[in-house]
Amino acid sequence: MTLHGYLTLPKGTTVSKLPTVLLVHGGPWFRDRWESEYYTNRLAQFLVNRGYVVAQINYRGSEGYGRKFMEAAIGEYGGKMNDDLLDGMSWLVGQGISDPERIAIMGRSFGGYAVLAGLAFTPDKFACGIDIVGLSDLTTQKGPAYGELGRYWWERYFGNPEVPADFEKMKQKSPYYYADAIQKPVLIVYGANDARVQRAQSEKMISALKASRKEVQSLALGNEGHLITRWPSNLKMYRQIEDFLAGCLGGRSSGFDYYQLGAWAF
């Protein structure tokens, strides 16, 4: 299967075994696009400014590549969908672009699930992970009332937890139940008012990691939902992301500045 994606490189840097962030889009039916205002592209620009290669792989299930490519994702969450990400990472290493010892995985919503799944099911592949409003337990995920119109798609791709066979598979693919397998540092960011992926998905994962004595950081944003929109919240999140990655991958962090005082005030 041919995979497409985007590779963003730090300006003025010799491209050889650089620290890398594998940035995973959500959905999973969305896709990364080459548009300056697209959320993940803005994030990519922030990350390359801090010295990281950023890879965005449109794994199976991503829209815009035809029905066959999208339906290849049915039942493959935490499986071949994550394999696609690993294949992209292997290509980067094989091309001499990325340092295999300094690759982080980062994603939002379903991308956050892919982060936790990657760390739990392939614990030796990544140096660390950042989960933003991601799912940790598929068996208990319940979206908002307005999302019921999309329930058919959810059950087709992921299963119905009320069906015993589906429940068992969803449980086996839920990182929450494998927190003790995670070996690398994790940062979990979530909105306290998230209606699409409830805060419990993040809070129970944080608790499980702490109970297993794993290295975990968290950031709860009290005035945010599934989309983190307020500038003070984004500033707090970006600051913690850059500090976390600096400790994990060795990139640049700007440190404290006076804008943070404004974020605290507002």
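Read-outs: derived from the displayed coordinates by stated rules, not from any lab. From a predicted model like this one, the values you see are computed outputs, not experimental measurements. When we count neighbours, we look across all protein chains shown, and the Cβ atoms used for this are built from the backbone with ideal geometry, even at glycine.
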Q) How many of the residues in segment 1-30 are assigned to a loop (DSSP other than H, G, I, E, B), in contact (Cβ under 8 Å) with a residue 60 or more places away in the chain and not hydrophobic (A, V, I, L, M, F, W, C)? A) 6
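A quick yes/no check of all residues on (1) surrounded by fewer than 14 Cβ atoms within 10 Å (Cβ to Cβ); (2) among the hydrophobic types (A, V, I, L, M, F, W, C):
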site: Ala127; (1), (2): no, yes
site: Ser136; (1), (2): no, no
site: Gly150; (1), (2): yes, no
site: Glu162; (1), (2): yes, no
site: Phe167; (1), (2): no, yes
site: Tyr178; (1), (2): no, no
site: Tyr190; (1), (2): no, no
Q) Do we find a residue being closer than 19 Å to Arg252 by Cα and out of contact with any helix residue (DSSP H, G or I) (no Cβ under 9 Å at 6 or more places or on another chain) anywhere in segment 17-25? A) yes
(Q) I'd like the full set of residues that are assigned to a loop (DSSP other than H, G, I, E, B) and either free of Cβ contacts under 8 Å to residues at least 12 places away in the same chain or surrounded by fewer than 17 Cβ atoms within 10 Å (Cβ to Cβ) (or both), limited to segment 226-246. (A) Leu227, Thr229, Arg230
Q: Answer with yes or no whether Gln183 is surrounded by fewer than 20 Cβ atoms within 10 Å (Cβ to Cβ) and without any contact (Cβ under 8 Å) to a residue 12 or more places away in the chain.
A: no
Q. Are any residues in segment 80-119 within 17 Å of Ala179 (Cα to Cα) and either among the hydroxyl-bearing types (Ser, Thr, Tyr) or surrounded by fewer than 24 Cβ atoms within 10 Å (Cβ to Cβ) (or both), and if so, which ones?
A. Tyr113
Q.
Among the residues of segment 31-40, are any in contact (Cβ under 8 Å) with a residue 40 or more places away in the chain and of a type in the set (A, V, I, L, M, F, W, C)?
A. no
(Q) Take the residues in segment 55-74 that are in contact (Cβ under 8 Å) with a residue 40 or more places away in the chain and touching a Phe, Trp or Tyr at 6+ places or on another chain (Cβ under 8 Å); name whichever of them is farthest from Leu3 (Cα to Cα). (A) Ile74
**Q.** Counted residues, segment 160-178 - those being farther than 14 Å from Tyr113 by Cβ and assigned to a loop (DSSP other than H, G, I, E, B)
**A.** 4
